[in-house]
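Quick notes on the structure that follows.
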Amino acid sequence: MNNLPKKIPVFPLSNFIIFPKTTVPLNIFEPRYIEMINDSMKSNKLIGMIQPKSSKNNDFDLDLHGIGCMGKITSFRDTDNGQFLIELKGVIRFEIIKEISTQKKYREFEISFENFFQDLDKKEENLNFSDLELIFKDLKSLFEKRGFIINWKGLEKQSLDETINALAMASPFTLEEKQILLEAKNLEIRKSKIAEILTTYTFDQYNNTTIQ
């Protein structure tokens with residue numbers, strides 16, 4: 001993608017993070033975000049997904065994390081009840097520079113991709129699945145204990161960065177932990193962060209045996 005935008009509409013969605021090279025479905029039903037998707041479909045089909053730091057009723061009051069991920073709408077369908085069903089593919093992470101004042105119902109930001117151009121790389125990362133066997137083993141155990149069903153054989157057919165990003169996004173980690181993974185500068189660091197986070201789950205915390 002040669003012509004990266006200098007500003008994008010941003011969807012501040014709680015409990016949701018998208019990573020580069022992963023695709024997720026979204027059901028859009030709020031009027032302001034239906035307007036945002038409509039506008040995006042008429043232009044470059046790009047929107048930013050970002051985590052709010054807290055939950056409030058008014059999205060315009062939300063304090064947002066500094067780093068999110070821009071996605072491209074790859075599939076679009078409107079339903080009989082006026083909602084949109086879209087698929088969004090993570091393209092590249094971005095850092096917020098400042099909010100832009102507009103008359104629109106949704107928020108727009110000036111953003112920078114400067115620290116994240118490696119997200120666009122097609123080259124293979126210098127990591128092997130053998131490097132990650134222990135991490136995958138521990139992560140698989142955590143997923144299974146939480147009742148998550150993952151097609152591990154299917155994941156192995158993907159590139160390594162797609163696999164790590166998909167696991168990071170779908171993992172039963174906390175949103176704060178996922179934000180840390182999103183902000184990890186490269187795949188090597190993200191792999192290490194996953195390993196670090198997994199060590200905090202080794203004492204059977206997922207069975208509620210810890211002291212609160």
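Looking at the stretch 97-212, the helices (runs of 4 or more DSSP H) lying wholly inside it that each contain 3 or more residues that are touching a strand residue (DSSP E or B) at 6+ places or on another chain (Cβ under 9 Å) and at pLDDT 85 or above sit at 175-183.
Within the stretch 15-57, being modelled with pLDDT of 95 or more and in contact with a helix residue (DSSP H, G or I) (Cβ under 6 Å, 6 or more places away or on another chain) holds for one residue alone: I47.
Of all residues in the stretch 64-107, how many are within 12 Å of the chain's Cα centre (by Cα) and free of Cβ contacts under 8 Å to residues at least 24 places away in the same chain? So the answer is 0. Condition check for K21 on (1) closer than 20 Å to E177 by Cα; (2) in contact with a Leu (Cβ under 9 Å, 6 or more places away or on another chain): one failure, at (2).
Within the stretch 97-114, the set of residues being surrounded by 18 or more Cβ atoms within 10 Å (Cβ to Cβ) and not charged (D, E, K, R) comprises Y106, F109, I111, F113. It is to be established whether one or more residues within the stretch 76-83 are closer than 19 Å to F109 by Cβ and not assigned by TED's automatic domain parsing to the domain that holds K178. No: zero hits. Selection of first residues in the stretch 168-189 that are under 20 Å from K137 (Cβ atoms) and of second residues that are of a type in the set (D, E) and modelled with pLDDT under 85, restricted to Cβ pairs under 6 Å at least 6 apart or on distinct chains, gives the following pairs, ordered by first then second residue: L187/E125; L187/D161.
The values are calculated or read from the model by the stated rules, or taken from the named source; none is laboratory data. Just so you know, these numbers come straight off a predicted model, no measurement behind them. All Cβ positions, glycine included, derive from the backbone under ideal geometry; neighbour counts span all protein chains shown.
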